[in-house]
1. The conditions are (1) surrounded by fewer than 15 Cβ atoms within 10 Å (Cβ to Cβ); (2) part of a loop (DSSP other than H, G, I, E, B), and Lys8 fails exactly one of them. Which is it?
2. Test each condition in (1) away from the ligand (no atom under 14 Å from the Cβ); (2) under 17 Å from the mean Cα position of the chain (by Cα) for Lys192 and report the one that comes out false.
3. Would you point out which residue out of Asp141, Asp178, Asp172, Asp154 is part of a loop (DSSP other than H, G, I, E, B) and either over 21 Å from Ala225 (Cβ atoms) or not β-branched (Val, Ile, Thr) (or both)?
4. Answer yes or no: is there a residue in segment 140-162 that is more than 13 Å from the ligand (Cβ to nearest atom), small (Gly, Ala, Ser), open to solvent by less than 30 Å² (accessible area, probe 1.4 Å) and touching a residue at least 40 places away in the same chain (Cβ under 8 Å).
5. Would segment 49-61 turn up any residue that is within 16 Å of the ligand (Cβ to nearest atom) and over 21 Å from Val132 (Cβ atoms)?
6. Among the residues of segment 59-68, is any under 30 Å from Asp200 (Cα atoms) and either among the aromatic types (Phe, Trp, Tyr) or modelled with pLDDT of 95 or more (or both)?
7. In the list Ala115, Ala124, which residue meets the criterion of being among the hydrophobic types (A, V, I, L, M, F, W, C), under 19 Å from Cys27 (Cα atoms), under 16 Å from the mean Cα position of the chain (by Cα) and modelled with pLDDT of 95 or more?
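The values are calculated or read from the model by the stated rules, or taken from the named source; none is laboratory data. Because the structure is a prediction, the values reported are computed rather than measured. Backbone-built Cβ (ideal geometry, glycine too); neighbour counts: all protein chains shown. Heads up: the accessible areas ignore ligands, DNA and RNA and are worked out on the full protein's heavy atoms, side chains in. Shrake-Rupley method; radii C 1.70, N 1.55, O 1.52, S 1.80 Å.
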Amino acid sequence: MKIQGLQKMTLLDFPGRVACTVFLGGCDFRCPFCHNGELLDGSAPAVMDDQELLRFLKGRQGLLDGVAITGGEPLLRKDLPDLLRAIRELGFAVKVDTNGNHPDALETLLREGLADYVAMDIKAGRSNYSAVTGTLRPGLDAVSRSVEILKSCDTEHEFRTTVVRELHSDIDFEDIADWLAGEKRYFLQEFKDSGDLVSDGCSACGAEEMDRFLSIVRRTIPGAAIRGMD
Ligand code: SF4
């Protein structure tokens, strides 16, 4: 399997773990605020393959205890289960990030116990999904199924929304509060401009606006929090 990026150590990407982050190119959404623009069409050059990654991990046993798999959209990779199995056999916990558009693949990972933690993006309130995913027909049924799968699973998981001033309003967070009611972990993430965005014209909300969105979602998700504000 081709791997488009490796961050050798992170304390941020996998809660409670000292991890590395593996980037898998290719995504079926085109979120205007995506900060991994060069990874989306899958043509980004590979920095290594799966065998090289496994060799790297063997050299990090005892130093790292987790591997965060992100993208792009990792669940587009048909051979992801094989890679996760091999990583777990080396003794590492695995976190998988997903845009939620591939519930069958998500279900397989969970059923086979291949992920210790799943982070799913909630891009917007349901009526706003097209604008925020940059796709005319986002698989809202698929995304909703992924939400239900995670809500009813025992695997640790979180939902999170990257908040963009030009794309989100109170209406989004009122719907998300309804959609995720009762969930334990939900994060509002501050948008950051990486300089490699899919579209221009995205900016971060101020602290006051973020706090207002947070107070909306906390009506049904008391543990919701803001992540990434300086
Ligand atoms: S932010 Fe959107 S476009 Fe970028 S990788 Fe995630 S789902 Fe794909």
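1. Among (1) surrounded by fewer than 15 Cβ atoms within 10 Å (Cβ to Cβ); (2) part of a loop (DSSP other than H, G, I, E, B), Lys8 violates only (2).
2. Status for Lys192: all satisfied but (1).
3. Going through Asp141, Asp178, Asp172, Asp154 in turn, the sole match is Asp154.
4. Pass one, segment 140-162, residues more than 13 Å from the ligand (Cβ to nearest atom): 140-141, 144-145, 147-159.
Keeping just the survivors that are small (Gly, Ala, Ser) gives 144, 152.
Narrowing the set further to residues that are open to solvent by less than 30 Å² (accessible area, probe 1.4 Å) leaves none.
Among the residues of segment 140-162, not one is more than 13 Å from the ligand (Cβ to nearest atom), small (Gly, Ala, Ser), open to solvent by less than 30 Å² (accessible area, probe 1.4 Å) and touching a residue at least 40 places away in the same chain (Cβ under 8 Å), which makes the answer no.
5. Within segment 49-61, none of the residues are within 16 Å of the ligand (Cβ to nearest atom) and over 21 Å from Val132 (Cβ atoms).
6. Just the residues of segment 59-68 that are under 30 Å from Asp200 (Cα atoms), to begin with: 68.
Narrowing the set further to residues that are either among the aromatic types (Phe, Trp, Tyr) or modelled with pLDDT of 95 or more (or both) leaves 68.
Yes, that holds for at least one residue.
7. The unique qualifying residue is Ala124.
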